[in-house]
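The values are calculated or read from the model by the stated rules, or taken from the named source; none is laboratory data. What you see is a predicted model, and the numbers here were worked out from it, not measured in a lab. Cβ placement follows ideal geometry from the backbone for every residue including glycine, while neighbour counts extend to all protein chains displayed.
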Amino acid sequence: MREWMQEKGEQFREHQRDGPNYVTGYQDKPFPSNPLFVSEPVLSEESREEIWRKVVQEGEAIKSVSANFGVDMRRVAAVVRLKEVEKAWEREGKKLATPYARAVMSMLPKKTLSKYREFEPINEIHVHSYTQQQLFLPTSESRHFTREDAAKAFGDRILPADKRVPHPELIALEKELLAGTSPEEAQAAFEKAAMESEVAAAEKDQKRRQQEEEQTTRVPASRFEFRFKEINVDDGGKDGRSRRGTGWRYGVPFYDRRRGEVKIPTKVE
Amino acid sequence: MVVKIRLARFGRVNEPFYNIVVAHARTARNSRPLEVIGTYDPIPKKDTYDNSGKLHKDIKLDTLRAKYWIGVGAQPTDVVWRLLSMVGILEPKYRPAPPKPRSLPPKPDATGTPSEKTTS
């Protein structure tokens, strides 16, 4: 060990070059005895700034930024959110741990955005567990069996792949290109569709909030505001034990602390 | 038997959470009630993006059922009475007393006590 530290290990004592400096010597494999572990590159500082600029300053849809740079929509949203926090801290005059961030970033594999090479696969379909079963469905040979039919065969509420894909607009774009539309026109149509879908999602969310607000009575009392939300007793079903019912359920174990349950927050509100 | 509208404590240690239930008065607190008409979360919460430091408490209530049970003679406990009076189902039972004109207690002599100490 000491010998190794004096000979080969000396170069790992201090981090010198930009980028990862793994013991294995490879750029993406940090653990010598686990070659299957691949360390994924992260977005570089400039790339994150660029994403924030596109979304916030130029007002592009998150979907189109995601498609143009090949970054997952959720990652784009997270980058924008964190950048906003960073900017807010700067405005407040809070001190940022920039040297620390720079040191960590210099040790990680990085990728810079480019229009011609995607950062990560963005249009992957989540595999629904219902669709993993083997299914034999006798149909007539003449029948045109589409993806819609396949979804219906797997379950009544399973959506077809075309609807579950994160960027259905990209499919439309390719179809238009195949039909002979010029790339510029198709791109413009894509941007428009992406923006429309984002606006529709925002409106839906707004509507949901409004509906919730309408069902809530706010009573300012003492130190706290009391918020009464209207519910329906019948949601609990005939025996009152349905999961949709209100309140702690009777005669049903509550497994929120069981081993294997996810106990950390899984979403940002 | 008397039917009461009362709270049933669920949740965890230091993490109370109540079901607002309609139950017979003599049954155990957490036994299966006649009906669960709502919940009461007594732990004050903040809004996610609100920095004003204001706190709120969340209550879920089926007001129709609450009115029905009151109408047929169910007796709310004091705590439930207070909650139901907030949404106007019942008259408030306890009103905050009007602030009394406070007469300040006579000021102790400023030089009295310390001077005694110093002398002793």
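Tabulated results
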| item | result |
| --- | --- |
| Residues that are in contact with an Asp or Glu (Cβ under 6 Å, 6 or more places away or on another chain) and farther than 18 Å from A:Ile62 by Cβ, drawn from segment A:159-214 | A:Pro160, A:Ala186 |
| Residue satisfying condition, being closer than 19 Å to A:Val219 by Cα and either within 11 Å of chain A (Cβ to nearest Cβ) or modelled with pLDDT of 95 or more (or both), within set B:Leu83, B:Leu34 | B:Leu83 |
| Cβ pairs under 8 Å, 6+ apart, first in segment A:18-31 and polar (S, T, N, Q), second outside any loop (DSSP other than H, G, I, E, B) | A:Asn21/A:Gln11; A:Asn21/A:Phe12; A:Asn21/A:Met107 |
| Tally of residues being facing chain B (nearest Cβ under 9 Å) and either at pLDDT below 85 or in a loop (DSSP other than H, G, I, E, B) (or both) across segment A:229-248 | 7 |
| Given (1) over 19 Å from B:Asp50 (Cβ atoms); (2) loosely packed, with under 11 Cβ neighbours inside 10 Å; (3) in contact (Cβ under 8 Å) with a residue 40 or more places away in the chain, number of the condition A:Glu191 does not satisfy | (2) |
| Meets criteria (assigned to a loop (DSSP other than H, G, I, E, B), more than 18 Å from A:Val233 (Cα to Cα), of a type in the set (D, E, K, R) and facing another protein chain (nearest Cβ under 9 Å)) for B:Lys100 | no |
| Among the residues listed as A:Lys163, A:Lys192, A:Lys207, the single one being closer than 30 Å to B:Lys45 by Cβ and away from every other protein chain (no Cβ under 14 Å) | A:Lys207 |
| Residue count, segment B:37-80 (criterion: of a type in the set (Gly, Ala, Ser) and under 16 Å from A:Arg223 (Cα atoms)) | 2 |
| Positions within segment A:146-164 being of a type in the set (A, V, I, L, M) and at pLDDT 90 or above, in sequence order | A:Ala150, A:Ala151, A:Ala153, A:Ile158, A:Leu159 |
| Output for segment B:5-31, where each listed residue is touching a Lys or Arg at 6+ places or on another chain (Cβ under 8 Å), facing chain A (nearest Cβ under 9 Å) and either aromatic (Phe, Trp, Tyr) or assigned to a loop (DSSP other than H, G, I, E, B) (or both) | B:Phe17, B:Tyr18, B:Asn30 |
| Residue satisfying condition, being touching a helix residue (DSSP H, G or I) at 6+ places or on another chain (Cβ under 8 Å), free of Cβ contacts under 8 Å to residues at least 40 places away in the same chain, away from chain B (no Cβ under 14 Å) and hydrophobic (A, V, I, L, M, F, W, C), within set A:Leu135, A:Leu178 | A:Leu135 |
| Any chance A:Lys63 is farther than 25 Å from A:Ala194 by Cα and assigned to a helix (DSSP H, G or I) | no |
| Answer residue from segment B:56-79, given it is in contact with a Lys or Arg (Cβ under 6 Å, 6 or more places away or on another chain) and not acidic (Asp, Glu) and is nearest to B:Leu34 (Cα to Cα) among those | B:Gln75 |
| Within segment B:6-30, tally of residues that are under 17 Å from A:Gly240 (Cβ atoms) and at pLDDT below 95 | 2 |
| Selection within segment A:108-163 - over 30 Å from A:Pro30 (Cα atoms), loosely packed, with under 13 Cβ neighbours inside 10 Å and among the hydrophobic types (A, V, I, L, M, F, W, C) | A:Leu135, A:Phe136, A:Leu137, A:Phe145 |
| Residue, surrounded by the most Cβ atoms within 10 Å (Cβ to Cβ), within segment A:236-251, restricted to residues that are small (Gly, Ala, Ser) and in contact with a helix residue (DSSP H, G or I) (Cβ under 6 Å, 6 or more places away or on another chain) | A:Gly245 |
